[in-house]
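Following: one structure in structure tokens, then a few remarks.
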Protein chains: 2
Amino acid sequence: MSLVVVGSVAYDGIETPHGKRERALGGACTYIALSASYFTEASIVGVVGEDFASEDRHLLASKGIDLEGLEQVPGKTFFWAGKYSDDMNDRTTLRTDLNVFADFNPKLPASYVRKPYLFLGNIQPLLQRDVQRQMPALRFVGGDTMNYWINDYRPDLLEAIRSWDFLLINDSEARLLSGEYNLRRAAQKILEMGPNTLIIKRGEYGAMLVRRDSLFMVPGYLLEDVFDPTGAGDCFAGGFVGYLAERGFDLRNGNFDVHELHRAVIYGSVMGSFCCEQFGVERFRTLTRKDIDARFDEFRRFTAF
Amino acid sequence: MSLVVVGSVAYDGIETPHGKRERALGGACTYIALSASYFTEASIVGVVGEDFASEDRHLLASKGIDLEGLEQVPGKTFFWAGKYSDDMNDRTTLRTDLNVFADFNPKLPASYVRKPYLFLGNIQPLLQRDVQRQMPALRFVGGDTMNYWINDYRPDLLEAIRSWDFLLINDSEARLLSGEYNLRRAAQKILEMGPNTLIIKRGEYGAMLVRRDSLFMVPGYLLEDVFDPTGAGDCFAGGFVGYLAERGFDLRNGNFDVHELHRAVIYGSVMGSFCCEQFGVERFRTLTRKDIDARFDEFRRFTAF
């Protein structure tokens, strides 16, 4: 069933030990929607400038992504550039030009309003809240955030996430949000803030899903070559929500099989791992659902005991 | 079936954010044997000084550990002191007094010679080799090492591990030994050095087991309080070999269920996690096999999808 994704659409300059791209299609919303498109219809809410290339629009459209909510306005598309360390565990931001994204005010097309699933990418928390308020028929809503909003917009963020079904962040964000270093304690505190489900991404070390009554952990997929980790966390999010949307999952109705949530974490991990295999969104040009399901099975094999 | 463990028996001075111990029973051999004793009869080969306390000897004996190979000589027992960082991911060595351990030359009692299982703790590689040569009826032999031997005694180390069935080291040691940062590549290179099975410990992030034809990964157990990580890696080793010994596992006969090796990794993880719950070896005073099996089942639950 149909999923609405809100967030940044951008161009990225990327440098890793494997090479360099001056200007590649990027942005959280782009990665999330591309990843989710293997499971469900994804509808984008974002903004781009006049420089947004028609080939990039075509790539998204070729995956069945609904672009009605992708606004094009005068000015330039959000541009970010960064460089990864040799082991790719750190990256330095070289440039951030918000451009048209600075005034992003998500506009929900009428055709999106009754859609059942919403994923709120990392943007100003009150904008996240406003989008959610316009969608009265949600079967789940969740989102991402980042250190900037946690530090400087904490009351807004707490208000936004109070009514989310799930929060999907990385380990350092979980520590910052909760004030607890230990992830088990951090998770308990965050579950008191509203979401019934917390997913913590741990990069190469995998991910975990925590609810009041259950815990699930999965190690990271061991790639032989990590070309470019950009977007891996967003692809994780896209695989996670995409799978739940495909299954028609209702997080608001307590009567479900928690293993479906665990499988969604595996699909998230699978999508994050594929993302790292080539620069930017390149891997999605050739990736098939068959590849995805094969790697899901591989996860079963390498975690079985 | 009976397991011989060779390595250091020591006293440790430990400081963590949770407290301090001036002088606690420690040493790799101690932790490995204590951990393995929950699964099989463990026989120690080590050396201590005149200061070795009878209560510590009694603790080991109370777990059925065979102390015939624990030599007591004039001088003082190996002493190590260290302090952990606030997040306990780093530790600083404050003092290392090798004392009687400086001249450790493992002497195998006649009653040990025909035992089927041997785990060689981290000591000089040629000493490891010499012990192994004295045991003609082995059904498996494996061991640990450290950066010092990898860097400064590389030819000796390569000679020693060539005939091991398994090598059990941590991720930074695997990178150092192989010259590869990527763990998948590192593992492939190490498997060409002799061992058919490589186990890589990743601390709080879990562990992996790699063979030519299979890969197994498990996330770390998520403790709410890590009191003291000292010895956790050695307890992992003890759980791993202890379980295999209990099952009468023969790593030299290719005809086995690889899932048994995976379950041994889980038992290793279980024992490592218990070790962190109290200072030094304290947790083993009260730990029962029932506790261990309950945590094994917990691992099943939190990795099931």
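Return the subset of B:LYS83/B:LYS201; A:LYS76/A:LYS107; B:LYS20/B:LYS115; A:LYS201/B:LYS20; A:LYS20/A:LYS201 for which the Cα-Cα distance in this structure is over 29 Å, preserving the input order.
From B:LYS83/B:LYS201; A:LYS76/A:LYS107; B:LYS20/B:LYS115; A:LYS201/B:LYS20; A:LYS20/A:LYS201, over 29 Å: B:LYS20/B:LYS115; A:LYS201/B:LYS20.
Any idea what the B:TYR181 label distances to the other copies are, label 7 Å down the Cα→Cβ vector, nm, shortest first?
2.6
Where the centroid of each part is defined by its Cα atoms, how far is the stretch A:147-211 from the stretch A:49-85 in Å?
Spelled out, the Cα-based centre of one part sits 29 Å from the other.
Could you work out how far apart the two model spin labels at B:ARG95 and A:THR93 are, taking each label as a point 7 Å from the Cα in the direction of the beta carbon, and quote it in nm?
Here the modelled spin labels are 4.8 nm apart.
Give the dimensionless ratio obtained when the Cα radius of gyration of the stretch A:102-142 is divided by 2.2 N^0.38 Å.
So the Cα radius of gyration is 1.11 times the expected 2.2 N^0.38 Å.
Provide B:VAL218, B:VAL113 in ascending order of the number of other Cβ atoms located within 10 Å of each residue's Cβ, fewest first.
Going from sparsest to densest Cβ surroundings: B:VAL113, B:VAL218.
With both bridge residues required to lie in chain A, what share of the DSSP beta bridges run antiparallel, to the nearest 5%?
Given both bridge residues lie in chain A, the antiparallel proportion sits at roughly 40 percent.
Which whole-number percentage describes the relative contact order of chain B, with Cα contacts under 8 Å and a sequence gap of 6 or more?
The value is 18 percent.
Between A:GLN72 and residues 5 or more places away or on another chain, which pairs have amide H atoms under 5 Å apart, with H built 1.01 Å from N, and which residues are they?
It is A:VAL48, by chain and number.
Give, in whole angstrom and from largest to smallest, the semi-axes √(5λ) of the equivalent ellipsoid of the stretch A:126-190, with λ running over the eigenvalues of the Cα gyration tensor.
Gyration-tensor ellipsoid for the stretch A:126-190: 22, 13, 8 Å.
What are the trypsin sites (Lys or Arg not before Pro) within the stretch A:91-147 that DSSP puts in a loop, where the Cβ has at most 14 other Cβ atoms within 10 Å?
Answer in residue order: A:LYS107, A:ARG114.
Given just the C-alpha atoms of the stretch B:256-305, how large is their convex hull per residue in cubic angstrom?
Value for the stretch B:256-305: 82 Å³ per residue.
Applying 1/(1 + (r/R0)^6) with R0 = 35 Å to the Cβ-Cβ distance of B:SER111 and A:GLU277, what FRET efficiency is obtained, to the nearest 0.05?
Plugging the Cβ-Cβ distance into 1/(1 + (r/R0)^6) gives 0.05.
Can you sort B:ASP152, A:ASP56 by how many other beta carbons sit within 10 Å, fewest first?
Neighbour counts put them in this order, fewest first: B:ASP152, A:ASP56.
Go through chain B and flag any cysteine with no other cysteine's C-beta closer than 4.7 Å, please.
B:CYS29, B:CYS276
Can you list the copy-to-copy distances for A:SER111, using a point 7 angstrom from Cα toward Cβ, in nanometres, shortest first?
8.3
Could you state the orientation-averaged shadow area of the convex hull built on the Cα atoms of the stretch A:169-304, in nm² to one decimal?
Taking the Cα atoms of the stretch A:169-304, their convex hull projects to 8.5 nm² on average.
Quick one: Debye curve from the C-alpha atoms of the stretch B:3-303, no solvent, what's log10 I(q)/I(0) at q = 0.11 Å⁻¹?
Results for the stretch B:3-303 at q = 0.11 Å⁻¹ read -0.60.
Shape call for the stretch B:81-179 from the C-alpha gyration tensor, a ≥ b ≥ c root eigenvalues: rounded (a/c under 1.5), prolate (a/b greater than b/c) or oblate?
It is prolate, given that a/c is not under 1.5 and a/b is the larger ratio.
Taking just the C-alpha trace of the protein assembly as shown, give me its Rg and Dmax in Å.
That works out to 26.7, 87 Å for Rg and Dmax.
Given +1 on the Cβ of Lys and Arg, -1 on the Cβ of Asp and Glu, and no further charges, what dipole in debye does chain A carry about its Cα centre, rounded to the nearest 20?
About 760 debye.
To one decimal in nm, how far is B:GLY19 from the same spot in the other copies, if labels go 7 Å from Cα toward Cβ? Please give the shortest first.
5.7
When Cβ neighbours within 10 Å are restricted to other protein chains, what is their mean count per residue of peptide B:211-220?
Mean partner shielding for this stretch: 4.
For the protein assembly as shown, give me the percentage of DSSP beta bridges that are antiparallel, rounded to the nearest 5 percent.
So the antiparallel bridges in the protein assembly as shown amount to around 40 percent.
Neighbour counts of other C-beta atoms within 10 Å: give me B:ASP97, B:ASP66, B:ASP257 arranged from fewest to most.
B:ASP257, B:ASP97, B:ASP66
Throughout, read-outs are computed from the coordinates displayed, never taken from laboratory work. Because the structure is a prediction, the values reported are computed rather than measured. Heads up, the Cβs are rebuilt from the backbone with ideal geometry, glycines too, and the neighbour counts pull from every protein chain shown.
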